[in-house]
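Just below is one structure, and these are the notes that go with it.
Only the coordinates and a few stated rules stand behind these numbers; no lab work does. This structure is a prediction, so every number in the text was calculated from the model and none was measured. Every residue, glycine among them, receives a Cβ derived from its backbone with ideal geometry; neighbour counts consider all protein chains shown.
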Amino acid sequence: MTTRTGNTTVETAEGRSRLETGRLFLPSTRKDRLRRAFNQFFKGRWLNVLAVFLIVLFLLTSMFGRALAPYDPNAPAIFNQLQGPSASHLFGTDDLGRDILSRVMAGARISLGVAAIVLSIAVTLGCLIGGLSGFIGGLYDDVLMRVTDLFLAFPFLILAIAISASLGPSLRNTVIALSVVYWPWYARLVRGQVLMVKNREYVEAARSAGASGPRVLLRHVFPNALSPVIVQLTLDIGYAILATSSLSFIGLGAQPPTPEWGAMINTARSHFQDAWWFITFPGLALALTVLGFNLLGDGLRDFLDPRTRGT
C-alpha cells in the first residue's frame, strides 16, 4: 500500500508485504507443488531412491554404453578366452575372448529399444481399443472384448513363444510377438477405467455443455483414466526386457553375435562351472534392471493412490 504526502509517495510496510507476497509465492505455486510431490515420493522411501538410481544407471548405459565400452563388444580375441575378472577386463571375457563388460553395456541399448517399441505399440493399440470399447459400449464393446479374451486365454509367454517360433528367430519377430501378447492387458485395463470415469459428474457436465463424444473422451475421460496405465507401463518395461531375454535364451530372439543379455546367458550355460563370471554379470544386469522398474512401479502405484499416499 502507498500513501501520498504532497508530491511524495510513501510505501507502507503493509503494502510492501503484499507486494513481496505476490512476487515470491504466487508465481512459484506450480514449483512448490512439484517440490512437495518430489519430497513426498522420495522422503523416507529408500526403495524409491534405489529404483530411480537403478533406472538412471540403466538409461545412461543404454544411451552411452556403446561409446564408453572399453572394447568392441563383437570383436573376438582368441587368446583371451574365458579370462576371469581383472584390471583389463573387469567382468572377464567369454568363450570367444570378447569383453563381457562391453557386451553387457551394449546389450542395455538393445533391451531398452525392444521394450520401448513393444510397449509403444501395445499401449497405443490397447488404449485405443479399450477406450473406444468402454466409451461406446454395446455390440462394439462385446465384439472387441471377446477378441481380447481370445488372446488372454493363452498363457503370456507360451503365446509369445508360439508366435516367435512361427515367424522365425529374430529380434524383429520378438517385437511382433510381444506386442501381440501385451496389448490385450492394456485394452482390459483402460476399458475398466473408462467405464468408471465416463459417468462421473464432470463428464456429464461436459456432455450437457454440448461437448462432442470425441472431445469428451479425449479431454475428460482419457486423462482421468491413465494413472493405472502409467503404473502398469512402468512395471511392464521390466517384464518386457525379461520376456525379450527369455525368448533370446531359448533361441527365438536375438541371434549371435548380438550382445543381448538373454542370448549371452544362453551361451554361458555350458561354462557355468568353469567360468562363473560368464553367466553372472549378464544375469545380474538383467535382474537389477527388472528390479529397478518393479520398484519404481510399486512406488508410483502407492504415490498415485490417494488411499496410500500419506502412509
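Structural remarks
- Multiplying the residue separation of PHE151 and LEU90 by 0.36 nm and subtracting their alpha-carbon distance yields 17.5 nm.
- Helix axis angle, 276-304 relative to the chain longest principal axis, alpha carbon, degrees: 20 degrees
- Size descriptors for the chain (Cα atoms only): Rg and Dmax, in that order, 26.5, 96 Å.
- Once both labels are positioned 7 Å from their Cα atoms along Cα-to-Cβ, the gap between LEU218 and VAL52 label points is 3.4 nm.
- Mean Cβ count within 10 Å, highest first, over the residues of peptides 179-190, 224-235: 179-190, 224-235
- When the square roots of the Cα gyration tensor eigenvalues are ordered a ≥ b ≥ c, the ratio a/c for segment 113-226 is 1.5 or more and a/b exceeds b/c, which makes its shape prolate.
- Here r is the Cβ-Cβ distance between ASP274 and ALA205 and R0 is 51 Å; the resulting FRET efficiency, rounded to 0.05, is 0.15.
- Distance in nm between pseudo-label sites at LYS31 and SER120 (7 Å out along the Cβ direction from Cα): 3.4 nm
- Additional length obtainable on full extension of the chain from LEU59 to SER166, 0.36 nm per residue less Cα span: 35.3 nm
- Under Karplus coefficients 6.51, -1.76 and 1.60, residue-wise ³J(HN,Hα) of segment 132-137 in Hz, glycine/proline x: 5, 5, x, 7, 7, x
- For the pair LEU68 and ILE158, label points projected 7 Å from Cα toward Cβ lie 4.3 nm apart.
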